[in-house]
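Scroll down for the structure; my scribbles are underneath it.
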Amino acid sequence: DATRVQDPALRGRIMSAEEAAGLIPTGANVGMSGFTGAGYPKEVPVALARRIMAAHERGDPFRIGVWTGASTAPELDGALAKVDGIEMRLPYQSDPTCRERINAGQMDYIDIHLSHVAQFVWFGFLGHLDVAVVEVAAVLDGGRLVPSSSVGNNKTWLDQADKVILEVNRRQSLALEGMHDIYYGTRLPPHRQPIPLVHPSDRIGTPYLMCDPAKIVAIVETDQPDRNTRFTPPDETSRMIAGHVIEFLGHEVKKGRLPNTLLPLQSGVGNVANAVFAGLKDSPFENLTAYTEVLQDGMLDLVDSGKLTFASATALSLSHEAAARFEKNIEEFRQKIVLRPQEISNHPEIIRRLGIIAMNGMIEADIYGNVNSTHVMGSSIMNGIGGSGDFARNAFLSFFMTPSVAKGGTISCIVPMVSHVDHTEHDVQVVVTEQGLADLRGLAPRQRARVVIENCAHPHFRPALQDYFERAVRGAPGRHTPHLLDEALSWHARYLRHGTM
Ligand code: 0RQ
């Protein structure tokens, strides 16, 4: 039997993507699975986009709210954005067409801490969830579902939506069964209890998502693969940033502030994150663990090499090559990897308890250590805050990393004042560029400015930053965090006018 739908009663609800998309009305809020290009529905959103386009051609309005775990893929965000089918998007995206529409003011976007999304829905803060469209690896009996390559907010979507559409993906390995840990112990305040997770490998829930079968209105079968990000070997800049981070961790071990196993690692996605994990492979640290959102190639290599003994995440985000390796050795990886709902992978209580070492990318930092992760020149969204805030504020140690310059050296990523703030100076302990590392712990604002400029700024921009800071110290009305307000954002304004800071 080619179908992975074990419940005979539900087999009758298998239908085409077109028929399933026909069950989603205009104006609906739709909770879709998907996190960093893993485990997103691949058929229904494309069929829905066709339906929306046809409606628009007839002159009928048709737009929906799209809620996800995090970023998805061209077949979801891209397809729906291209036909102007998204009224409101949340909580994180990285799709070029979405970005363009959001920045053109044609699509609304709410950028939310990833750990907040599920509880905001339960609190009723975001309105009603009408439909869930969730990819699973298999449908078992009694409403038990084998989750796919990401968990994200699926538990909440299945619980909260009136109607559920499942995409059963035959391409996802059936051996994923048992890799997930879905915690059903969350409650609403004032009835909340401590979350009983004290080690990254703890299992506190069940391996299955649960869904009331009566709510399942459609099942669509697919064998399309996940997006799979292309893996590029770390470049020189990323390797230098990673080198500074690893040297610093070694220093912390020597000082007795960290054990030789470090503490559970979290890292954002991208080249720098992969470089950090590549660097850790050759480091003296042993028996590492990860408590993170996204498991990338670099982390999988570290599991393979035995350096990383256990990784907890909410999604896999692997290259084609790594995904194949993962599938081949999935039985072994299942002992060392667990996928959880994002409200648990990113939970502040757990992050604080475990003492996470958080490492995230940024767009820019200012001389006092405020960090902008999301906006270009103050007003255009890049992706979103993702989980960086969940981790940064609650971590044992929080790193923010970026090359010192962007766009061919025309932009300094260290600026007098950030053009948008995602992580305040209170949440940022270490700033790293390829130039060096600024350890801001225990430093007052003027002390922070000196080390950020000295250690992190590119030599081309360093004198101008020094000059700004010195004049601010002399001329600002207050000397605690000295700024010249007429000038603080002049670097960005100059870039917008002249194409260089
Ligand atoms: O744009 O490709 O058009 O040139 O920003 O920059 O250097 O490739 O770095 O891919 O690591 O992304 C902050 C966006 C960094 C990412 C950010 C331009 C630059 C390029 C990307 P181009 P790089 P990365 C886990 C945690 C928030 C979410 C998060 C991010 C593009 O890390 O989205 O941390 N973080 N989640 O040219 C103008 C500057 C710039 C700039 C870079 N100062 N001004 N443009 N760029 N610096 C994941 C999840 O939560 C799901």
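The values are calculated or read from the model by the stated rules, or taken from the named source; none is laboratory data. Every value quoted in this text rests on a predicted model; they were computed, and no experiment measured them. So basically every Cβ, Gly included, is an ideal-geometry build from the backbone, and we count neighbours across all protein chains shown.
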For region 154-163, does any single residue satisfy the condition of being within 16 Å of the ligand (Cβ to nearest atom), surrounded by fewer than 22 Cβ atoms within 10 Å (Cβ to Cβ) and not in a loop (DSSP other than H, G, I, E, B)? no
Among (1) more than 16 Å from the ligand (Cβ to nearest atom); (2) among the hydrophobic types (A, V, I, L, M, F, W, C); (3) modelled with pLDDT under 95, which single condition is Ala278 missing? (1)
Count - residues of region 293-314 that are polar (S, T, N, Q), part of a loop (DSSP other than H, G, I, E, B) and crowded, with 22+ Cβ neighbours inside 10 Å: 2
Can you tell me which residue within region 333-369, out of those that are acidic (Asp, Glu) and crowded, with 21+ Cβ neighbours inside 10 Å, is nearest to the ligand (Cβ to nearest atom)? Glu364
Residue count, region 370-409 (criterion: surrounded by fewer than 22 Cβ atoms within 10 Å (Cβ to Cβ) and charged (D, E, K, R)): 2
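Condition check ((1) over 30 Å from Leu188 (Cα atoms); (2) polar (S, T, N, Q)) across all residues:
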residue: Thr3; (1), (2): yes, yes
residue: Glu19; (1), (2): yes, no
residue: Lys42; (1), (2): yes, no
residue: Asp60; (1), (2): yes, no
residue: Tyr92; (1), (2): no, no
residue: Arg99; (1), (2): yes, no
Could you tell me whether Leu166 is closer than 17 Å to Leu76 by Cβ and part of a strand (DSSP E or B)? yes
Within region 34-87, the residues that are among the charged types (D, E, K, R) and within 16 Å of the ligand (Cβ to nearest atom) are Asp77
Residues located in region 414-432, provided they are within 12 Å of the ligand (Cβ to nearest atom), more than 21 Å from the chain's Cα centre (by Cα) and not aliphatic (A, V, I, L, M): Ser419
One residue is enough: does region 224-245 have a residue meeting the conditions more than 25 Å from Ser71 (Cα to Cα), outside any strand (DSSP E or B) and of a type in the set (Phe, Trp, Tyr)? no
Filter region 178-198 down to residues that are in contact (Cβ under 8 Å) with a residue 12 or more places away in the chain and surrounded by fewer than 17 Cβ atoms within 10 Å (Cβ to Cβ) and give me whichever is farthest from Pro264 (Cα to Cα). Leu188
Pairs, please: C-beta under 7 Å, at least 6 apart or cross-chain, first residue at positive phi and near the ligand (Cβ under 8 Å from one of its atoms) and in region 376-402, second assigned to a helix (DSSP H, G or I) and among the aromatic types (Phe, Trp, Tyr)? Met377/Tyr495
Out of all the residues in region 66-87, which are surrounded by fewer than 21 Cβ atoms within 10 Å (Cβ to Cβ), touching a residue at least 24 places away in the same chain (Cβ under 8 Å) and within 23 Å of Val151 (Cα to Cα)? Pro74, Glu75
Hey, can you tell me all the residues within region 410-442 that are surrounded by fewer than 18 Cβ atoms within 10 Å (Cβ to Cβ) and of a type in the set (A, V, I, L, M)? Val421
Could you check, for region 274-292, whether at least one of its residues is over 29 Å from Ile350 (Cα atoms), part of a loop (DSSP other than H, G, I, E, B) and out of contact with any helix residue (DSSP H, G or I) (no Cβ under 9 Å at 6 or more places or on another chain)? no
